[in-house]
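J.: Here you go, one structure.
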Amino acid sequence: MAQKTDVKQGTLALMVLKTLDVLGPLHGYGIARRIEQISGDLLSVNQGTLYPLLLKLEHEGSIDSDWGASENNRRARYYRLTKVGSRQLQSEVRDWQQTTEIMARFLTAKAEELG
Amino acid sequence: MRALRRLWLRAWNVVSGRSGQQRLREEIEQHIALETADNIRAGMTTAEAHRAARIKFGPVEAIRESYHSEKGLHVMETILQNCIFALRMMRKSPGFTALAAITLALGIGATSAVFSLIQGVLLTPPPYQKPDQLVLVSAVRTDGHKMDSTRGWAAQQWMDWDKNATTLQGVAGYTWTFNFLIRNDGSQSMQGMKISREYLRLMGVKTVTGRLFEDSEYGSGPVKSVVLGYEFWQRVLGGDPQMLGKTIRISRWSSPVTVVGIMEPGVRFLPAPGASKEPNYDVNATVDLWIPVAPDLKEMKSPDWNVVARVRDGVTVQKAQQELTVLTAQQAGSEKTFEGFTPQLQTVSAEMNQEGQKILLPLLGAAALVLLIACGNVSALLLVRGLQRQQEYAIRIAMGMGRGALLRLIMTESLLLALTGGTLGVGLAFGAVTLFKLIAIHAVPRLDAVTAHTAVLGWGFAAAVLAAFIAGTIPALRVLRLDPMEVLKDGGAKGTAGVGERRLLRAVVVLQTSLTLALLVGAGLLIRTMAKIAAAPSGYDTSKILTMSVTEVQNQDQAVWNDFHHRALERVAAIPGVQYAAFAWGVPLTGNNWPATVEIEGQPPAIKESDKIALPLRSVTPDYFKLMGLALLNGRAFRSTDDEKVPRVAVVNKAFAGRFFSGQPVIGRKIWLNGRDKPGMEIVGEIADGRTDDLTRQALPEVYLSFWQAGPFSKHLVIRIAADPSTIVAGVEREVRSVDPSAAIENVKTLEQIRDDSLASRTFVMRLLVGFSIIGSVLTLVGIYGVLSLSVISRRRELAIRAAVGAQQSDLRRLIFNEGIRVIGGGVFFGVVLALISSQVLSAFLYEVRPTDPVTLLVVGLLFLGVGLLACWVPAWRAEKVHPIEALRYS
């Protein structure tokens, strides 16, 4: 069943999980940077929603965190995906793929009809 | 499962709250540091890089807020945080906190204390089963005329009601009795109820140990078994568990009686109107002794009984009243001595609460006024403070704090303040109740049962929360329409108040002033009343007179009885310092006399029973009139030879002579107690009038009998002394006991004390009103001062400009004084209106002062105006110190 969530936040959670899945443990700033990079700088991650989201994910058990050293040897909090997180990622990816497929089909079908 | 885990995590986060805060701060710091480093790598200067990172990060406060909403059990944690913050704010300004908390405490303390009196006295039902169904049946004249003294019912009448009234479950008769428990080391008085067979069942009382009476024990012969009151058992017999089955000796009863049971605690007398004329009778006391009696078959028509009845379920008192009226009219038709009287029903609770209500309801009103004044003050204080903190609020809103959250924060502060005030107030209430019990034990009936208990706590706190709501809402609502930009732009100017706010504050202070004025007028009226009473001519001397009730409990033989009293008087009179000693039944202001129907020479014989002349009789030894300072106007006083061997004589007062002989000589006229066919009493003397019944009422006609002829059972020993009365008490007791060791000596009091007791309810109400009005006045003066101070602060710019364009210092002062006078004047005006309405409830306590007494109103109004202006002085002085240069600073 599709959950009624804020789209933006919903996508952000998926992006965070995917980033962690691909790149392994990362700190908050790293996650934000990567998302921005991958989006081709089309997206700007709002920190005001990122940190509470990280916390929410941690509370849900999708991610775990620990203090570690950053590239330039600063103390930073590193987040990594948990098993629960991977499963959640998989199911959400499936949902998204399905949704985009459906959306794509709708959009193309509409275009042909109009044409 | 996930929800559970989340809840657990949240709960854990609340517990480990601080580390979470720390973590967020560190993480934000890290984020900005990393971003800054990246920016530097991208070519910015260090400063630019940091600035860019911060701007990109956005508002920290908002992040924290949404972080918090995720982190903990939201509501609980916010409340906790708000509380901690509020506590910190309270600590930061101890003066404000103390002022506000004490203000609230005074209001709450006063209300709680008065309420606990009301709870104990008025709201605690009598300890009878379904007390609302119980009604007292008293006799009034059918023609509506007022009766000179109270009258009971004949057994034949109430037994007939019991049998025939369909609206009643039952009717019982009872009378009051006064006796002594005889002990060789000084006897103990006992007040008891003689009760008919129906009584205990009707009232639904139980024993704690032993049994109630069996039907066979009710009789008209000598009493064989009694039930003791719980309090008497505890007080006099030390709660001796062996009392059941034991016999005790009681004065005037020839044979000892067996104790068969101990009544449950707290059972008090039912009002017995006639009995109040006996010494020691106290309707509010608990009963010492229960005696089973049945109507004497020979006395079935004597109006000897007080009557209580229980109405049936669902039947109204009016309905029962109608039925009894009809039944009584039928009885009067067949029996001449029943003519002229009709029953009047009143519920037991209404009767018992009559006195208490008269005293406590005005006081509750006064306490509520104090609470209102206190709330007004606290809300004014909070409003002023809210204005001073506008900048802080504006910064909070600018930082991203929601207005709702800010409102909650401010409300938490006032709530916490209120709880502090409430706690203090409840403490104050406990103290006040103890104090009330000390000073008002004679003023308020059944006060002994009052305790400040959990109900008071509950009410105190309820009042506190309400007070917080009232006091906190107005200033808190302000933040809803606060424009942070405006406030911040205004910079250093602290505490600006808009026209609307100043108007609101002025309205609060006008209200406070008018409430205080109403209190002051009430207090003023009672003070004037007390002054009038003090100046009222009593007709006798109250100073340096010692009284005590002395009873010889063993002998019934008149000769032995006379001998005891003669010898006791002789011995007491011989004590150094004693000027006169006398025995008397009917000492002034004790309410103690012998109401009797008499026939007087020259007056037409009464046709109807209800037309008979009923007068209070008194009985005294010869020195009494000299002792009291009651002047002999005509004839002679009593002699010690006026005893049972010579014809009976009487002395009357001037009011008697005036009423029955209208100026004609009274000496030599006759009075009959038992009908004109028997030998009557010759009036041998006429004395001056004394207000012996009530200081606030004109003297009533009185008849004095010779003590040696009347031989009253209960009486006072009255002594006039030159020295301090307390020094001879022990000596008097010793001398009386040397004549008879078993004599009972009780109620040692000076006549001054008796006088004070008789005025106690007035004094109590006056003291409380004075106390309340002092509190109210102080609070109101603080309020006036606060409003004007705020006015000066918020108008500094205006005042400075005025000064710059040439206003004199006196002009500025006048400006502030004008505002003050408007506020105080408005308060005085509304206060006078309010006082005119509210002082009506005091009319029962007033004497020779009308509730609308113009002198009191004028004096109180002027006084308050004058004192109020004093409160204007400091703010006005500050206004005139405003320097024109300040005007420049603002521009």
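The values are calculated or read from the model by the stated rules, or taken from the named source; none is laboratory data. Just so it is clear, the model here is predicted, and its values are computed rather than measured. For neighbour counting, all protein chains shown are included, and Cβ atoms are generated from backbone atoms with ideal geometry for every residue, glycine included. To get the accessible areas, we keep the full protein, side chains included, count just its heavy atoms, and leave off ligands, DNA and RNA. Shrake-Rupley method; radii C 1.70, N 1.55, O 1.52, S 1.80 Å.
J.: Among the listed pairs B:Lys224/B:Lys319; B:Lys437/B:Lys612; B:Lys298/B:Lys678; B:Lys146/B:Lys715; B:Lys163/B:Lys670, which have their C-alpha atoms separated by more than 32 angstrom in this model?
T.: B:Lys224/B:Lys319; B:Lys437/B:Lys612; B:Lys163/B:Lys670
J.: Can you tell me how much longer the chain between B:Gln753 and B:Arg822 gets when fully stretched, taken as 0.36 nm per residue apart minus their C-alpha distance, in nm with one decimal?
T.: 20.1 nm is the gain from fully extending B:Gln753 to B:Arg822.
J.: I need the peptides B:417-426, B:44-53 ranked by packing, meaning the mean over residues of other C-beta atoms within 10 angstrom, with the highest value on top.
T.: B:417-426, B:44-53
J.: Given labels modelled 7 Å from the Cα in the Cβ direction, how far is it in nm from B:Asp38 to A:Lys83?
T.: If labels sit at B:Asp38 and A:Lys83, their model points lie 3.4 nm apart.
J.: So for the pair B:Ser93, B:Ile885, with labels modelled 7 Å out along Cα→Cβ, what separation do we get in nm?
T.: Roughly 2.8 nm, to one decimal.
J.: If Lys and Arg each add +1 and Asp and Glu each add -1, what is the summed charge of the other residues whose beta carbon sits under 12 Å from the beta carbon of B:Ser187? Show your work: numbers first, answer last.
T.: Working: positive: B:Arg183, B:Arg249, B:Arg252, B:Arg737; negative: B:Asp185, B:Glu552, B:Asp740, B:Glu746.
Taking every other residue near B:Ser187 into account, the sum is 0.
J.: Sticking with this structure for a sec: Using the heavy atoms of the protein chains alone and a 1.4 angstrom probe, what is the accessible area of the protein assembly as shown per residue in square angstrom?
T.: Per residue, the protein assembly as shown has an accessible area of 47 Å².
J.: I need the peptides B:656-668, B:794-806, B:370-382 ranked by packing, meaning the mean over residues of other C-beta atoms within 10 angstrom, with the highest value on top.
T.: B:370-382, B:794-806, B:656-668
J.: Averaged across the residues of B:30-39, what count of C-beta atoms belonging to other chains lies within 10 Å of each residue's C-beta?
T.: Numbers: counts 9, 10, 2, 6, 11, 4, 0, 5, 2, 0.
What the average comes to for B:30-39 is 5.
J.: Something else now. How much length is gained if the chain between B:Gln129 and B:Ala655 is pulled fully straight, taking 0.36 nm per residue apart and subtracting their Cα-Cα distance, in nm to one decimal?
T.: Length gained between B:Gln129 and B:Ala655: 184.7 nm.
J.: With every protein chain left in place, what is the accessible area of A:Arg75 in Å² (1.4 Å probe, nearest 10)?
T.: 120
J.: Could you check the spin-label model distance between B:Val874 and B:Lys206? Points 7 Å from the Cα along Cα→Cβ, value in nm.
T.: With each label placed 7 Å out from Cα toward Cβ, I get 6.2 nm.
J.: Still on this model: Based on the Kirkwood radius over alpha-carbon pairs, what is the Stokes-Einstein translational diffusion coefficient of the stretch B:755-891 at 10 °C with 1.306 mPa s viscosity, in µm²/s?
T.: Answer, rounded: 91 µm²/s.
J.: Tell me the net charge near B:Asn653. Cut-off is 13 Å between Cβ atoms, B:Asn653 excluded, with +1 for each Lys or Arg and -1 for each Asp or Glu.
T.: On the way: positive: B:Arg618, B:Lys654, B:Arg659, B:Arg691; negative: B:Glu686, B:Asp689, B:Asp693, B:Glu702.
Around B:Asn653, the surrounding residues sum to 0.
J.: Kindly report, to the nearest 10 Å², the accessible surface of B:Leu505 as traced by a 1.4 Å probe over protein heavy atoms only.
T.: Solvent-accessible area, nearest 10 Å²: 0 Å².
J.: For the stretch B:572-615, what number results from the quotient of the Cα radius of gyration and 2.2 N^0.38 Å?
T.: 1.94
J.: Run the accessible area of the stretch B:530-655 with a 1.4 Å probe and give the carbon-and-sulfur part as a rounded percent.
T.: Using a 1.4 Å probe with all protein chains present, the stretch B:530-655 comes out at 52 percent carbon and sulfur.
J.: Let me ask something else about it. Counting only C-alpha contacts under 8 Å and six or more residues apart, can you give the relative contact order of chain B as a whole percent?
T.: Answer for chain B is 16 percent.
J.: Counting only residues 5 or more places away or on other chains, whose amide H sits under 5 Å from the amide H of B:Asn634 once H atoms are built in the peptide plane?
T.: Close amide H contacts, sequence-distant or interchain: B:Glu686.
J.: For B:Ala722 and B:Ser255, calculate 0.36 nm times their separation in residues minus their Cα-Cα distance, and state this gained length in nm to one decimal.
T.: Numbers: separation 467, 0.36 × 467 = 168.12 nm, distance 4.40 nm.
Contour length minus Cα-Cα distance gives 163.7 nm.
J.: Under 8 Å for C-alpha pairs, at least 6 residues apart: give me the relative contact order for the stretch B:135-198, rounded to a whole percent.
T.: Averaging sequence separation for qualifying contacts and normalising by length gives 22 percent for the stretch B:135-198.
J.: If you don't mind, there's one more thing I want to ask. For the pair B:Thr473 and B:Lys301, what calculated FRET efficiency results from E = 1/(1 + (r/R0)^6), where r is the Cβ-Cβ distance and R0 = 51 Å, to the nearest 0.05?
T.: Efficiency computed from Cβ-Cβ geometry: 0.15.
J.: So for the protein assembly as shown: antiparallel DSSP bridges make up what percent, rounded to the nearest 5?
T.: 80
J.: Whose amide H sits under 5 Å from the amide H of B:Ala285, counting only residues 5 or more places off or on another chain, with H placed in the peptide plane?
T.: Here the answer is B:Phe269, since their amide H atoms fall under 5 Å of that of B:Ala285.
J.: Where a Cα-Cα gap under 18 Å defines reach, which aspartates and glutamates qualify for B:Lys881, not counting those fewer than 8 residues away within the same chain?
T.: B:Glu798, B:Asp811, B:Glu819
J.: Still on this structure, please answer the following. Of the heavy-atom accessible surface of the stretch B:127-255 (probe 1.4 angstrom), what whole percent is carbon and sulfur? Don't skip to the answer; put the middle values down first.
T.: On the way: 2750 of 5990 Å².
Exposed carbon and sulfur together represent 46 percent of the surface.
J.: Still on this structure: Which of the peptides B:579-590, B:748-759 is most tightly packed, and how do the rest follow, going by the mean number of other Cβ atoms within 10 Å of each residue?
T.: Taking the mean over residues of other Cβ atoms within 10 Å, the ranking is B:579-590, B:748-759.
J.: From Cα pairs below 8 angstrom and at least 6 apart in sequence, can you work out the relative contact order of the stretch B:656-766, rounded to a whole percent?
T.: On the way: 52 pairs, mean separation 16.5, N = 111.
Value for the stretch B:656-766: 15 percent.
J.: How big a patch of accessible area, both sides summed and in Å² to the nearest 100, lies buried between A and B at a 1.4 Å probe?
T.: In total, this chain pair buries about 2400 Å².
J.: Follow-up. Write out the chymotrypsin sites (Phe, Trp or Tyr not before Pro) in the stretch B:812-856 meeting two conditions: DSSP loop, and at most 12 other Cβ atoms within 10 Å of their Cβ.
T.: Within the stretch B:812-856, no chymotrypsin sites (Phe, Trp or Tyr not before Pro) qualify (loop, at most 12 other Cβ atoms within 10 Å).
J.: Please state the equivalent ellipsoid semi-axes for the protein assembly as shown: what are the square roots of 5 times the Cα gyration tensor eigenvalues, largest first, in whole Å? Provide the component values of the computation, followed by the final result.
T.: Details: eigenvalues 1390, 290, 131 Å².
Values for the protein assembly as shown, descending: 83, 38, 26 Å.
J.: I would also like to ask the following. With +1 on the Cβ of every Lys and Arg and -1 on the Cβ of every Asp and Glu, and nothing else charged, how large is the dipole of the stretch B:798-891 about its Cα centre, in debye rounded to the nearest 20?
T.: Using only the charged Cβ atoms, the result is roughly 240 debye.
J.: Follow-up. For chain B, I need the span (max minus min coordinate) of the C-alpha atoms along each principal axis, in Å, sorted largest to smallest.
T.: If we take the Cα atoms of chain B, the spans are 133, 78, 59 Å.
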